[in-house]
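The next block holds one structure in the form of structure tokens; read it before the comments.
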Amino acid sequence: MTREEERIRADFPLLSKNNVIYLDNTATSQKPKKVIDDVAEFYRTLNSNPMRGLYDISVRATERVEEAREKAASFINAKNSSEIVFTRNATEGLNLVAYTYGEEKLSEGDEVMISISEHHSNLLPWRLLCERKKAVLKYFECDETGVFSLEEFKHALSAKTKIVAMSAMSNVFGRENVITPFVKAAHECGAVFVADGAQSVPHVRTDVSESGVDFLAFSGHKMFAPMGIGVLYGKKELLEEMPPFLSGGEMIEYVHRDSERFSAPPYKFEAGTMNAGGAAGLLSALQYIDSVGFENIMKREEELSEYMLSGLVKIPHVKVLGSDEAREHHGIFTFTVDGVHPHDISEIMSSKNICIRAGHHCAQPLHEFLGVRSTARASLGYYNTKDDIDAFLKTLSEIRGVMGFMD
Ligand SMILES: Cc1ncc(COP(=O)(O)O)c(C=O)c1O
């Protein structure tokens with residue numbers, strides 16, 4: 001391990017205290033000590049219901065939540081922090097749009113377009129919405145390496161398309177879908193564009209003002225923050241006209257026996273006591289990213305990806321999904337080994353304390369489209385080391401032998 005790697009890993013208690021080789025970063029990232037400490041500090045010193053109390057600790061808890069909102073807005077270059085709605089995770093953000101904007105705007109016969117590579121979280125909310133509204137769910141396809149053609153996308157759009165939902169980075173291919181031209185094409189057709197940023201926001205610079213995307217959902221836990229806090233970005237004018245998702249406390253200005261007035265966004269969408277400790281953790285995670293430098297995180301992920309792919313391609317019988325270019329993987333490597341079930345791969349890895357994923361990675365239609373039942377996935381984080389990758393590659397190269405193959 002290099003000095004630099006030692007220094008980075010010292011920030012992450014789980015990695016520095018346990019003997020695990022953690023290669024499941026696409027599922028969730030490890031948490032820096034700073035984030036764990038800042039969340040504990042929130043509960044130790046500020047714990048009170050935010051947004052409500054007029055006393056000191058409640059006011060300060062509210063300020064912490066609003067600071068997190070400002071920070072999240074600037075991280076994705078939103079114009080205004082009122083465009084940042086706190087959710088539990090990306091899944092909740094996507095459901096929020098489907099149940100509010102979708103429910104209000106979609107009519108029988110309208111179309112919702114999604115890509116074939118979507119995570120189930122950006123597929124099922126739209127399918128269920130279409131079923132409720134008797135609308136049509138259309139898929140547009142990528143090539144076998146995950147590239148989408150803008151021309152084919154434009155061709156698939158129609159005057160009936162009201163919503164396009166697409167991830168800005170696949171959790172299977174690791175490839176960035178550069179959404180800006182797709183957003184423009186959707187807008188020219190009169191559709192809104194909902195981006196799933198669960199994988200893209202942690203790995204590449206996100207600029208909602210530049211891309212013009214209407215909604216973008218992401219999860220804190222994939223970018224060093226605690227589980228249970230996520231963000232839905234929505235354009236101000238859209239959030240203003242949307243009905244609420246959940247109703248109850250916090251999201252109203254007044255309630256009388258027979259009438260009510262909802263708060264302005266984002267509060268209209270944040271019913272009930274919010275996850276203030278989680279928001280404090282998200283703020284801390286974004287501060288941690290600033291202190292390291294997002295460019296440095298991206299650079300390190302690219303270097304590790306180069307190292308990983310150059311090793312993977314040398315192992316016979318291993319096939320990597322997606323691009324031949326390491327920099328297009330953003331640390332995400334989904335693969336198969338001829339004759340070996342991904343669950344066996346994962347269990348053999350686990351016997352060496354190596355954590356990887358096996359299955360369909362919540363992207364079953366994509367697996368069906370690619371003609372593979374299931375795959376294994378090793379995904380790198382900024383704190384992984386070349387030693388981690390060496391240990392993974394060594395075990396992988398031995399797997400067919402362990403399973404009784406002679407070559
Ligand atoms: C592309 C993508 N979208 C959505 C999600 C759902 O994220 P969460 O479970 O945090 O809501 C994931 C999680 O892995 C993902 O990879």
Next item on the list: Provide, as a two-decimal number, the C-alpha radius of gyration of the stretch 271-407 over 2.2 N^0.38 Å, N being how many residues it has.
Entry: 1.23
Check: If amide H atoms are built 1.01 Å from N in the plane of the peptide, which residues on other chains or at least 5 residues away come under 5 Å of the amide H of Phe12?
Finding: Lys33
Note to self: Under 8 Å for C-alpha pairs, at least 6 residues apart: give me the relative contact order for the chain, rounded to a whole percent.
What the structure shows: 22
Check: Which is farthest toward the positive dipole end of the stretch 35-289 among Val201, Gly53, Phe140, measuring Cα position about the Cα centre, with Cβ charges +1 (Lys, Arg) and -1 (Asp, Glu)?
Finding: Gly53
Note to self: I'd like to compare 212-223, 262-273, 314-325: which one has the highest average count of other Cβ atoms within 10 Å, and what's the full order after that?
What the structure shows: 212-223, 262-273, 314-325
Notebook entry, point to check: In a Debye calculation with equal point scatterers on the alpha-carbon sites of the stretch 260-351 and no solvent, what is log10 I(q)/I(0) at q = 0.13, 0.26 Å⁻¹?
Noted result: -0.73, -1.24
Next item on the list: Along Cα→Cβ, 7 Å out, is where each label goes; now give me the distance between the ones at Lys236 and Glu141 in nm to one decimal.
Entry: 4.3
Notebook entry, point to check: Amide H neighbours of Ile332 under 5 Å, counting only residues 5+ apart in sequence or on other chains, H built in-plane at 1.01 Å?
Noted result: Leu380
Checklist line | Potential extension, Ile252-Met227 segment - 0.36 nm per residue separation minus Cα distance | finding: 6.3 nm
Note to self: Past 18 Å, Cα to Cα: identify those pairs from Lys222/Lys394; Lys133/Lys162; Lys138/Lys162; Lys71/Lys299, in the order given.
What the structure shows: Lys222/Lys394; Lys71/Lys299
Margin query: I need the phi-derived Karplus couplings for the stretch 43-60: 6.51 cos²θ - 1.76 cosθ + 1.60, θ = phi - 60°, integer Hz, Gly and Pro marked x.
Written below: 6, 6, 10, 10, 4, 5, 6, x, 6, 10, x, 9, 9, 3, 5, 5, 4, 6
Notebook entry, point to check: Computed FRET efficiency, Cβ-Cβ of His317 and Val20, R0 45 Å: what is it to the nearest 0.05?
Noted result: 0.95
Next item on the list: Arrange His187, His360 by Cβ neighbour counts within 10 Å, fewest through most, would you?
Entry: His187, His360
Note to self: Using the Cα centre of the chain as the reference point, and only Cβ charges (+1 on K/R, -1 on D/E), how large is the resulting charge dipole? Debye, rounded to the nearest 20.
What the structure shows: 660
Note to self: Suppose we keep just the DSSP beta bridges with both residues in the chain; what percent of those would be antiparallel, to 5?
What the structure shows: 55
Check: Between Ala264 and Glu41, what is the label-to-label distance in nm when each label sits 7 Å out along the Cα-to-Cβ direction?
Finding: 3.1
Next item on the list: Report, by chain and number, residues whose modeled amide H sits under 5 Å from the one on Val204, excluding near sequence neighbours (fewer than 5 apart, same chain).
Entry: none
Margin query: Just to be sure I understand the model, the point goes 7 Å from the Cα along the line to the Cβ. What's the resulting Leu150 to Glu398 distance in nm?
Written below: 4.9
Item checked: Of Val192, Val39, Val340, the one that fluctuates the most in a GNM where the chain has Cα springs shorter than 10 Å -> Val340
Checklist line | Stretchable slack from Asp407 to His343, in nm (0.36 nm times residue separation minus alpha-carbon distance) | finding: 21.0 nm
Margin query: Considering all alpha-carbon pairs of the chain, what whole percent are spaced by more than 38 angstrom?
Written below: 23
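Here, each number is a calculation from the coordinates, and none is a lab measurement. These numbers come from a predicted model, not from an experiment. Note that we place each Cβ from the backbone using ideal geometry, even for glycine, and neighbour counts take in every protein chain shown.
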